Every structure is written in structure tokens, then in C-alpha cells.
1. Those residues that are more than 9 Å from every other protein chain (Cβ to nearest Cβ) and either over 16 Å from residue A:48 (Cβ atoms) or hydroxyl-bearing (Ser, Thr, Tyr) (or both), I need them from segment A:2-21; list them, please.
2. In segment A:22-36, which residue that is more than 17 Å from residue A:66 (Cβ to Cβ) and crowded, with 17+ Cβ neighbours inside 10 Å is farthest from the other protein chains (Cβ to nearest Cβ)?
3. Mind counting the residues in segment B:420-444 that are part of a loop (DSSP other than H, G, I, E, B) and not acidic (Asp, Glu)?
4. Could you go through segment A:67-77 and let me know if any residue there is among the polar types (S, T, N, Q) and within 14 Å of chain B (Cβ to nearest Cβ).
5. So residue B:141 ticks every box in (1) within 26 Å of the chain's Cα centre (by Cα); (2) buried (at least 21 other Cβ atoms within 10 Å of the Cβ); (3) in contact (Cβ under 8 Å) with a residue 24 or more places away in the chain but one. Which box is left unticked?
6. So, in segment B:184-217, exactly how many residues are crowded, with 23+ Cβ neighbours inside 10 Å and at positive phi?
7. Tell me the residue from B:450, B:438, B:446 that is modelled with pLDDT under 95 and of a type in the set (A, V, I, L, M), please.
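The values are calculated or read from the model by the stated rules, or taken from the named source; none is laboratory data. This one's a predicted model, so the numbers in the text were calculated from it and none came from an experiment. A quick note on method: Cβ atoms are made from the backbone with ideal geometry, for glycine too, and the neighbour counts reach across all protein chains shown.
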Amino acid sequence: MATFTSEVEVLDPIGMHARPAGQIVKLVKESGVEVLFIREGEETKANSALRLMAMKVKTGEKFTVSVTTDDEALANNLFAQIQEFLKG
Amino acid sequence: MSSELKGLGVGLTAAVGTVHVVAPAQPLPAWGKSTIGAQAEAVRLKAAIGAVAANLDELGARSDSTTAEIFEALKMLLEDDELFETAEGFLEEGSDAAGAIGQAVNTFAELLGGDPDFDARVDDLQDLSRRVQANLAGISVGLELPQTGQLVLVGEDFSPADTAQFTPAVVGVITRAGGPTSHTAIICRARSIAAVVSVAEAGSLINGTSVLVDPVGDRVVVGGSLSDATKPLEFAETDGATLIPVRANIGTASDAVTAAATRANGVGLFRTELLYLSANTAPSVEQQAASYAEVLAAAPAGPIVVRTIDAGSDKPVPFLNMPHEENPSLGVRGFRLIVEHRQFIVDQLTSLEAARKSTGREVWVMAPMIATVAEAAEFAELARSIGEFKVGIMIETPAISMQVDSLAGVVDFVSIGTNDLSQYLFAADRMNPALGALLNPWQPGLIRMLAKIGTDGAAAGVSVGVCGESASDPAFAVVLAGLGITSVSASPSQVNVVSNALASVTAEQAKAVAQAALSGTDAASAKAAALAALAATR
């Protein structure tokens, strides 16, 4: 399977807090594919809102989203929706 | 034989019902080592989490949409995959189910700790952990109230999670703690549930006893019947002139419409925070002007007093990035924001001026959280340079209360926020349920301060309004008029009843009622003396 990556930026004024983290986890679970958030070489599986919150990503910070799938359209759709959730 | 317990009444409705004591939460058993093995513990833990999640669903279904969203978010944290996996790790090490969930939550609490953005989430997690542990131990944390009957709940105080569980059987509420502005009081007033709060002897009430909850009499009568309930002072319905103008407190365009259907003479407090608290980016001047114009156009005839933003770190505006503070009510809030966010306040005044022009309404502007004459002068100068407003300040701090004489020629008017003035005067946190009795507006310390402000305002040629909760009480509104207050502003639902009261007395009578209130040495005697003097005028 292929892996697609894209950079996203947290624009939400309180960073990656409970609501966007919850929305992202729900989306990732529904998609059925493995999604990783990578920052400074550290990987976090996007299946737990608590883990995502514990990354403590603040407003203006960027990180890489990696999606393992053969469906490029699905990956791009996930990137776009994750970025949307982080707009606040 | 009936006995009587004193407290602070909420609302005007009395009720009789059976005492249902809500016991304080039982202590949770200590964590232990498993005797049944990790796999069996995991099954127990999964079941307990499922039961708590189902309970959250049930609470959500009974709540309004905002509260339902809170329960939905809590459920998401509770059912988090990693939380369960972390707990399983502790089970492998030999913990029992309660110890595993407790330690797993502690692990995440530590990961999220030290970050003010997550403080409230850490509290939520710990509360969920306690609920799961209680379920495992077979201890009840919910209220589990019957659907039918006539219950009077008795407890320390009730949280939003508690009040969400009130069933139609709840006709009355008695709390040992909590004040007139506590969550319990607000919910009971909104749902017309009879309530008496701050009842020191509430602990003496026994399950199954019949009691009269008599909020107008500020008391609970054991064995009392509805015919014993204190009658509220009734003022004849009239549209005659009121002794001083009665205005309305509003926060939104729909409040303005509601207020316009009352006899309100303009708006005495337009709270502007709602426009900003949910916005992630600053609204443009055009957007703000359009929102204000909508409110101004709908407001009742008369002047409209607009309070500039009253945000603080407990009521943060997302786009102002306010840092966490140890004591938000004593921190950078209200007009103090001008140091860091001058442009924001300039934009707000500019938008108001545009809305004033487009609607042709008379607009007064005032700044909250003023402590010195220099701050008042700074705001007045700024506001006058931007628009044709009458300019004033809120009086909430004891410091500016002592300098009203020095405001002559500086501002046109002041408006007293009695809720915050009480908080600062009595050094009593409004959010602390144990301090409710100090926040009673009938406290002599507050009444004397109001008298001083009224007298000094008259001498300085500055008009003095009151826009706190206290002005929504018709009897207290008469006291205010007698103390030299020149206008009051009440919740739209109270405008007509306050107007009736202020149309039924002369200036001399109001002064006599105020003098009677000033003779009290504690809140109860001040109120009793004022009510007796008021009754004597009729």
C-alpha cells in the first residue's frame, strides 16, 4: 500500500483541543485507514483524541499527516477535512 | 408542630413536598490487586465504561443542545481507544479494574497537565474516572430521582450535571450552600421551581418529611402548608409614570425584541460580549456595526446604554489570546484590556457610532471594571473623540465607589453592577457556593455603599443607575429609588413588575422605605424593615 503525506497548520486559537481532536478521530475511524500525525520525527496514531491533545500542538504550528492507503482521492479528502477541523 | 429554617428565597413560587435528601458522594474504595485475573477485570471495566457512557447519553437526551454537546464530548473522552489500552496495561501488571482506570486517567492527566488550555479537560477526565470507579464498586453517583411525586430535594448545592437530572417530580429545592446567583438558583428561577438556598440548618431535614418551601418568606417550614406561604407584596397593574425610569437588560437582538414588548424605558445594560465570545477571529467594524444596528433598531424606546466588552480570562474572547490567570475576577478584564487591545475597543466604539447614526437612536456608552478617576477620564475622552455618546462607567469596584464626587465633569453617568460590587466589597467569590449569603443585596454593607454613591452622584451632577440582579426585585428597586438612584435596569421578565412597584410609591415614601432598609444591622433585618415600611405605604 502507498503512503501519502501532507502538511497541515493549526489555526484554531486554542490549538488542537478536545473538539477538533474528537472530530479528527471520528473521521479517521470512519475512513478505516491508518492515519499518523508526525511532528519532529515523533509519530502519533490519530485514533485517540487524548493522544492528539497530548501532542499539545499550539496555534500556528505545523505537522505532517500521513495516510496509508491505495486510494489517493481518499487521502486528499482526509487531508482537506483535517485541515478544516483545525481552522477553529 | 412546625419548625422554621431560614435561608435565601429564589423566585416567588411556593411549594409543598416530601424531603428527598441527596447525600454527599460516598468515598470510593481504595485500589487493589486483582484476584480474578486481567482478562476478567477487562470485561468488568468495559461494562462499567459502557454503563457510564449510556448514562451520559441519557443525560444528554434530557438536556438542551449546549449541555448535550458537553455530555457528547465527555463520552468521547471516556471511550477513547488509548485510554482503554493504557488501562489494559495496568491490568496486565495486576491492578484491579478501578485501579487500572484510575491510573490510566492519571497518566493522561499528567500528559495534558501544566497547560491551561486543558485544565478543564483534566477535571472532566478525573470526574469520568470517579464515575467508572463508582459503577465498579456499585456506588451510586447519579441522583436517580423518581418521575412522579412531589419531591423537595435537599443537598449541599447542585451542579449542572445534577440539575440536568431533575425530573418533573422535583417541585422544590433546598441547599445548605449556594447564593442568589448560584447555578441552582438560576435554574430554579428559570424553571419556576420553588427554592430556598443558603439554608444553614438544611442538614436537619429528614427524608420523607413534608415541608413548605417558602421563597418569598426566605424560609422552609417543616410541616407547613401552602396556605402558610408568605404572600409576595403585590403591586397593582398600572401603566402610570414610574418614580424613576425602569430600563431593560439585554444581550442580543432577540432580547431587544422581548424588552420592547415590556414597559421598559430604553435599555440600561446592553452586554456586548455575546458578539465576541464565540468568534475565533475579530469581526470587522462593518460586521459589528450591522449587529449593533439590528439590536438598536429593535430596542424599546428610550436611551440605550451599551457596555463595552467585559471579557476576562474566565470569559475569554478567543481572538484576544488572553493568558491564564490565577484570579481572573481580579485580573485583566473589562476596561483593563485597553492596555493590550486598544484597537479592539476603538473598533467597538467606532462600530457603535456607525450603528447610532444609521438607526438614529440615543446611545450611551460605558466601560466596565473601572477603579480610578484616571481610567474613567481615559475612557470618556476616547469615547467622545469617536462618537456623539453620553459617556459613563460601571461602578463595580469599592475604589471608584469612594470617588464618585471626583467624577463631576468627567463622565455623564455611572451604572452600578451590584453583583460584582458585592463580590469585590465583601471579598466573596461569586462562583463559590459557600459564600452565597454575603452576596445577598440586602446586606447593610452594600446598601450603605449604594446610599453613598447615590448621594455623591447627585452632588456631582452625575446620574446613577443600577443594572445588577438586585434591581429585578421590586421591593429592592423601591429602596434604590429612595437612596437617590436615578434609574434601574432589570431583566425583561421583571420590567413590568418593577415598574408597577415604582409607580405605586411617591418619592417621600421611597425615602422612608430606604431609611428603614438602612436601619437594618444584617440582611434579614434590613429586608424585614424595608418590607414593613413598604407595606405601611399601602
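1. A:2, A:3, A:4, A:5, A:6, A:7, A:8, A:9, A:10
2. Step one: of segment A:22-36, the residues more than 17 Å from residue A:66 (Cβ to Cβ) are A:22-23, A:26, A:30.
From what is left, the residues that are crowded, with 17+ Cβ neighbours inside 10 Å are A:22-23.
Details: A:22: 5, A:23: 9 Å.
Here the residue is A:23.
3. Let us first name the residues in segment B:420-444 that are part of a loop (DSSP other than H, G, I, E, B), namely B:426-432, B:440-443.
Keeping just the survivors that are not acidic (Asp, Glu) gives B:426-428, B:430-432, B:440-443.
Result for segment B:420-444: 10.
4. Of the residues in segment A:67-77, the ones among the polar types (S, T, N, Q) are A:68-69, A:76-77.
Filter again for within 14 Å of chain B (Cβ to nearest Cβ), leaving none.
The answer is no; no qualifying residue exists.
5. (2)
6. Filtering segment B:184-217 down to residues crowded, with 23+ Cβ neighbours inside 10 Å leaves B:184-185, B:188, B:193-199, B:211-215.
From the residues that got through so far, the ones that are at positive phi too are B:198.
Within segment B:184-217, residues that are crowded, with 23+ Cβ neighbours inside 10 Å and at positive phi number 1.
7. Numbers: B:450 fails: modelled with pLDDT under 95; B:446 fails: modelled with pLDDT under 95.
None of the other options fit; the residue is B:438.
Results for (1) touching a residue at least 60 places away in the same chain (Cβ under 8 Å); (2) within 21 Å of residue B:316 (Cβ to Cβ); (3) surrounded by fewer than 17 Cβ atoms within 10 Å (Cβ to Cβ), shown as yes or no for each residue.
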| site | (1), (2), (3) |
| --- | --- |
| B:258 | yes, no, no |
| B:268 | yes, no, no |
| B:272 | yes, yes, no |
| B:276 | no, yes, no |
| B:288 | yes, yes, no |
| B:296 | yes, no, no |
| B:301 | no, no, yes |
